[in-house]
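A short reminder: the numbers here are calculations on the coordinates, not readings from a lab. Please read these numbers as outputs of a predicted model, since none were measured by experiment. Positions of Cβ are generated from backbone atoms using ideal geometry, with glycine treated the same way; all protein chains shown enter the neighbour counts.
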Amino acid sequence: MQLTYVEAIRLALEEEMRRDPAVFLLGEDIGVYGGAFKATAGLIDEFGPVRVMDTPLAESALVGAAIGAAYTGMRPVAEFQFMDFIACAYNQIVNFAAKSHYRWQAPVPIVLRGPAGGGVHGGPFHSQNPEMHFVHTPGLKVVEPATAVDAKGLLKSAIRDNNPVIFLEHKFLYRRVKEEVPEGEHLAPLGKARVARPGRDLSVITYGAMVPLALEVADRLAGEGLELEVLDLRTLLPLDVEGMLASARRTSKVLILHEDTRTGGLAGEITALLQEHAYEDLDGPILRLTAADTPVPFSPPLEEAFLPSAARLAEMVKQLARY
Amino acid sequence: MADNDAPNTTPAKPAAEAAEKSVAEKANGGPASSESPAQPVPAASRPAGGARPQRGPRRERPDHRPRRRGPGGGATEPNPARPGARSTPRVTEWFQDLRQERLRFELEEIWDEGKLAYRWTGAITPPPPLVEPRGLSREQCIEIFRWMLLNRALEQQLENLYKQSRVVGGVYFGLGQEGCSVASAYALGPNDWMAPMIRNQGSLLVRGFPARDIMMQYMARADSPTGGKDGTSHFGDLESRHVVAPISMLGDLIPVMAGVCLGERLQGREIAAMTWIGDGGQSTGVFHEGLNLAAVQNLGLVLIVENNLWAYSTPLQKQTRIRDLAIRARAYGIPAMIVDGTDPFQVYQAAHQAIERAHAGGGPTLIEAKLMRMKGHAIHDPAAYVPAAMLEFWRLRDPIARLEIWLKRKSWLDEAAIEEMRRAVESEILAERDAAEASPMPPPERAFEGVYCDGCHDPRPRFLGRGRRRP
């Protein structure tokens, strides 16, 4: 079935709600309206307003209610209208949900999902990539699919996981990605990276909307005789350390690409892991291409300057390939 | 500081108090104590002193009972067209004030030899007798008394353990609040849920945790309910006692407990979920978010606001401009009650009523319990900022002493029986202490375990598909 990324999200929700009566949805404007991006369109008509619950405009209450319902054995999936607003619920996520199982053995099987990322001129409050706040929080899992197939498979796995999962959907991909998505039981494992494109010369480790960017550059450079491997992380916490090491050992050169800002971004962590475990295997410096250390600017020329570009990626890849 | 609905802002004189009482009784056709506070009267509109002006009939129903709202008392009518579809919950508004006395005192900032201090002025009068318990047998009243004794003895033991350097960190006391902790939790049914705050040691005991669990938490021992990963009252039990562990950030439990009600409702059950908050915690944003969600979704949250007048060192009037915290319930369209938090029977009655409402699908209730934190914020805090006269006033309202006098007057317990009970409680606490101390410190490798649930638990709804049941 040909589905866009956001349709794949919707399908995963629908299938999981049909499969398991413990799964229910809550969020702002997810009911009659079907969600700001229509990820829950029509679900209220099939499952009713108790299992597809519109909440007041209050993100701490949204996450708190999800945690409480999870304590009774339910599997809530809470939608953030934009992932920028997850900051409003930071305390519930970081201090309540993330520490619950460690502190008192009470699992919190919740999914906090919603659109993240830029490239759509959403401005400073509708474009952010908040993953690192949560990657730095033990007890959470952080997931970001790059394809429609993974959007479905990872979301289904996230719903079945017994831990709180931050599920970042890239809004740039919502309707730009359309592909054949398997119906029914298709699961993508959490904590496993995916080789989006095999290659022998150089590894680009990335995730989210940077995966199609990397693939585009890889296709272009293949014509110049440079074979890039593109590794799509899919899960940012816990990281697939083995998958990254295997790719680094295959190509011996690594560039890390992410749309999140630079300082304290995931590239720093991955760099540390690679030099701890694969130092002997590397033939060049580990490079990173990221967004700038600024808020996400609104005006198109400003946002384009802020985000990593295909041209800059190609330039850095060629520079690394010379080692 | 005086209650919002007190007649004036000067310390009450006994004569003025009597006059006010008689006027109020006339206006309401009953004792002033059953009067509902209604809207606060702005200070400027009150007479400069003396008695409360006579008012016409109040808008609230005089018997304070909730209106019946359709079959089963549920707030919403089912929509037969689509299961689960509900009409908008009807707005309910009413207050009940169960108190036998109104608090009248003033707390003001003064300069005392170059230092800023608080001065308390008020009449240090003895409290009225406890109300007659409703729905409690003689045995239950005595049981509540015993839980309160156990609560206090446990905290005294914690203080001893602290002084012997066996406690890791601080100790948080509920001295003066035992009646509220115990009687509120006592009203819960076995299928209801609760989440304590830091001072609700008594609630944990009533809910079935042995005293040793609390001691081991404070001593960070291997066999504590959290295995040494957290301390104090920060523990719970999902499976049998339905207790959610609190976190240190106040207010966050409110939406979580609303969510517990939601999760149970999705399994066809209307339950009560009780939690506590203080005059300080009420200032948080998440208090509002959680209570509003519970109100909109008509969830059976029972929120007990323990107004103990101090949030660490901050007095009530620096926390909020209102004096009756219960009036906030009006803004959420939910019922509220005010009780004397040192009268366990008032607390029980209010909690019981709120729990019954929750079981009937009638939504949340806010109960303000007026009481006083009789020690510092924690054991390190001598609370030098609290005026001595204020403590003197509240010492007369010690909940254990009040209940003890009541039980003796009732001839349900005599001095000898009480002494025997105290001895039994003391020896129980000593045995619990010995058991707690027998537990070793946790092995260091435990620090790295349990960050994730990797199949060690199997969270699933217990009641889905089994039909609607009431607790």
**Request:** Taking only the range B:386-425 into account, find how many residues are touching a Phe, Trp or Tyr at 6+ places or on another chain (Cβ under 6 Å) and over 26 Å from B:Leu136 (Cα atoms).
**Result:** 3
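I need the strands (runs of 3 or more DSSP E) fully contained in the range A:116-193, keeping only those with at least 2 residues that are under 12 Å from the mean Cα position of the chain (by Cα), buried (at least 20 other Cβ atoms within 10 Å of the Cβ) and more than 14 Å from chain B (Cβ to nearest Cβ).
Values: elements: A:141-143, A:165-170, A:178-180.
The qualifying strands (runs of 3 or more DSSP E) are A:165-170.
Hey, can you tell me all the residues within the range B:422-459 that are surrounded by fewer than 17 Cβ atoms within 10 Å (Cβ to Cβ) and hydrophobic (A, V, I, L, M, F, W, C)? Write out each step before concluding.
At the first step, the residues of the range B:422-459 found to be surrounded by fewer than 17 Cβ atoms within 10 Å (Cβ to Cβ) are B:422-424, B:426-427, B:430-431, B:434-435, B:437-438, B:440-441, B:443-449, B:451, B:454-458.
If the condition is that a residue be surrounded by fewer than 17 Cβ atoms within 10 Å (Cβ to Cβ) and hydrophobic (A, V, I, L, M, F, W, C), then B:Ala424, B:Leu430, B:Ala431, B:Ala435, B:Ala438, B:Met441, B:Ala447, B:Phe448, B:Val451, B:Cys456 are the ones that fit.
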**Request:** Just name the residue that is farthest from B:Ala195 (Cα to Cα) out of those in the range A:85-96 that are more than 7 Å from chain B (Cβ to nearest Cβ) and touching a Ser or Thr at 6+ places or on another chain (Cβ under 9 Å).
**Result:** A:Cys88
**Complete:** Residues of the range A:2-26 being buried (at least 19 other Cβ atoms within 10 Å of the Cβ), free of Cβ contacts under 8 Å to residues at least 60 places away in the same chain and within 13 Å of another protein chain (Cβ to nearest Cβ), in sequence order, are A:Met17, A:Ala22, A:Phe24, A:Leu25, A:Leu26
**Where B:Pro364 falls short, out of the listed (1) surrounded by fewer than 16 Cβ atoms within 10 Å (Cβ to Cβ); (2) within 14 Å of chain A (Cβ to nearest Cβ)** = (1)
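A quick yes/no check of all residues on (1) more than 14 Å from chain A (Cβ to nearest Cβ); (2) at negative phi; (3) crowded, with 24+ Cβ neighbours inside 10 Å:
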site	(1), (2), (3)
B:Ala258	no, yes, yes
B:Trp276	yes, yes, yes
B:Gly281	no, yes, no
B:Gly290	no, yes, yes
B:Ala294	no, yes, yes
B:Leu303	no, yes, yes
B:Glu306	yes, yes, yes
B:Tyr312	yes, no, no
**Tally of residues being surrounded by 24 or more Cβ atoms within 10 Å (Cβ to Cβ) and of a type outside the set (A, V, I, L, M) across the range A:36-46** = 1
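For the range A:44-57, which positions are within 11 Å of A:Leu26 (Cβ to Cβ) and within 8 Å of chain B (Cβ to nearest Cβ)?
Here is the first cut: in the range A:44-57, the ones within 11 Å of A:Leu26 (Cβ to Cβ) are A:49-56.
Selection gives A:Pro49, A:Val50, A:Arg51, A:Met53, A:Thr55, A:Pro56.
Residue by residue through the range A:58-81, note down the ones that are β-branched (Val, Ile, Thr) and more than 7 Å from every other protein chain (Cβ to nearest Cβ).
A:Val63, A:Val77
Kindly indicate whether B:Glu415 is more than 14 Å from chain A (Cβ to nearest Cβ) and free of Cβ contacts under 8 Å to residues at least 12 places away in the same chain. First the steps, then the outcome.
On the way: more than 14 Å from chain A (Cβ to nearest Cβ): yes; free of Cβ contacts under 8 Å to residues at least 12 places away in the same chain: yes.
When the stated conditions are applied, B:Glu415 passes them.
Which of the residues that make up the range A:97-106 are in contact with a helix residue (DSSP H, G or I) (Cβ under 9 Å, 6 or more places away or on another chain) and either of a type in the set (A, V, I, L, M) or facing chain B (nearest Cβ under 7 Å) (or both)?
Step one: list which residues in the range A:97-106 are in contact with a helix residue (DSSP H, G or I) (Cβ under 9 Å, 6 or more places away or on another chain), which gives A:97-98, A:100, A:106.
Of everything in the range A:97-106, those that are in contact with a helix residue (DSSP H, G or I) (Cβ under 9 Å, 6 or more places away or on another chain) and either of a type in the set (A, V, I, L, M) or facing chain B (nearest Cβ under 7 Å) (or both) turn out to be A:Ala97, A:Ala98, A:Ala106.
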**Fill in**
Counting only residues that are in contact with a Phe, Trp or Tyr (Cβ under 8 Å, 6 or more places away or on another chain), aliphatic (A, V, I, L, M) and either touching a residue at least 40 places away in the same chain (Cβ under 8 Å) or away from chain A (no Cβ under 14 Å) (or both), the range B:199-238 contains a total of 2
**Message:** Could you check the range A:56-68 and list, in sequence order, the residues that are buried (at least 24 other Cβ atoms within 10 Å of the Cβ) and over 24 Å from the mean Cα position of the chain (by Cα)?
**Reply:** A:Gly68
**Request:** Report, by residue number, each residue of the range B:435-456 that is under 15 Å from A:Trp104 (Cβ atoms) and in contact (Cβ under 8 Å) with a residue 40 or more places away in the chain.
**Result:** B:Pro442, B:Arg446, B:Gly450
